[in-house]
1. Set the Förster distance to 30 Å, then compute FRET efficiency between Glu23 and Glu108 from the Cβ-Cβ distance, nearest 0.05.
2. Let me understand the stretch 5-105 better: what is its radius of gyration from the alpha carbons, and its Dmax, in angstrom?
3. What GluC sites (Glu not before Pro) in the stretch 22-113 are in a loop by DSSP, with at most 15 other Cβ atoms within 10 Å of the Cβ?
4. When averaged across all projection directions, what area in nm² does the alpha-carbon convex hull of the stretch 49-111 cover?
5. Quick check on the stretch 1-43: what are the equivalent-ellipsoid semi-axes from the Cα gyration tensor, as sqrt(5λ), descending, whole Å?
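Coordinate-derived values only; no laboratory data. In this text the structure is predicted, and so the values were computed from the model without any measurement. Please note: Cβ atoms are built from the backbone with ideal geometry, for glycine as well, and neighbour counts cover all protein chains shown.
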Amino acid sequence: MSDCIFCKIINGDIPSSKVYEDEHVLAFLDISQVTKGHTLVIPKIHKENVYELTPEIAAHVFEAVPKIARAIKQEFNPIGMNVLNNNGEHAGQSVFHFHIHLLPRYGEGDGFG
Ligand code: 5GP
Ligand code: ZN
């Protein structure tokens, strides 16, 4: 999708801080960093939301998520982590390329919830 920010990140047209990459999946730091280490995990194929995912694409993304979560845990040493996904404007989705938020948590006042 030519006007999709995350497709532009995948193509290297927009810079990002990469956390993980394989053939099917890219993970990079969220530009807003709700908490330290806040990371987005996306499929390299453009799919707008959870309803559009094929089993194969879902498998690729969810296979990568625990690896990336462990790497974030090791690097940032959070005391918890939220794994979140928003679908549709009314659920808080603002970028319409499917993504999982990995949100490390550091206790009260860490910026989330
Ligand atoms: P959503 O609200 O759709 O669940 O999450 C979209 C996320 O993408 C937001 O947390 C937002 O900060 C992040 N984001 C939007 N544009 C960019 C960008 O250009 N680069 C990066 N790294 N993150 C972005
Ligand atoms: Zn896209």
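1. Working from the Cβ atoms, E equals 0.15.
2. So, for the stretch 5-105, Rg and Dmax equal 12.7, 35 Å respectively.
3. Of the GluC sites (Glu not before Pro), the ones in loops of the stretch 22-113 whose Cβ has at most 15 other Cβ atoms within 10 Å are Glu23, Glu108.
4. Details: hull surface 20.0 nm².
The number I arrive at for the stretch 49-111 is 5.0 nm².
5. Details: eigenvalues 61, 31, 13 Å².
So the three semi-axes of the stretch 1-43 are 17, 13, 8 Å.
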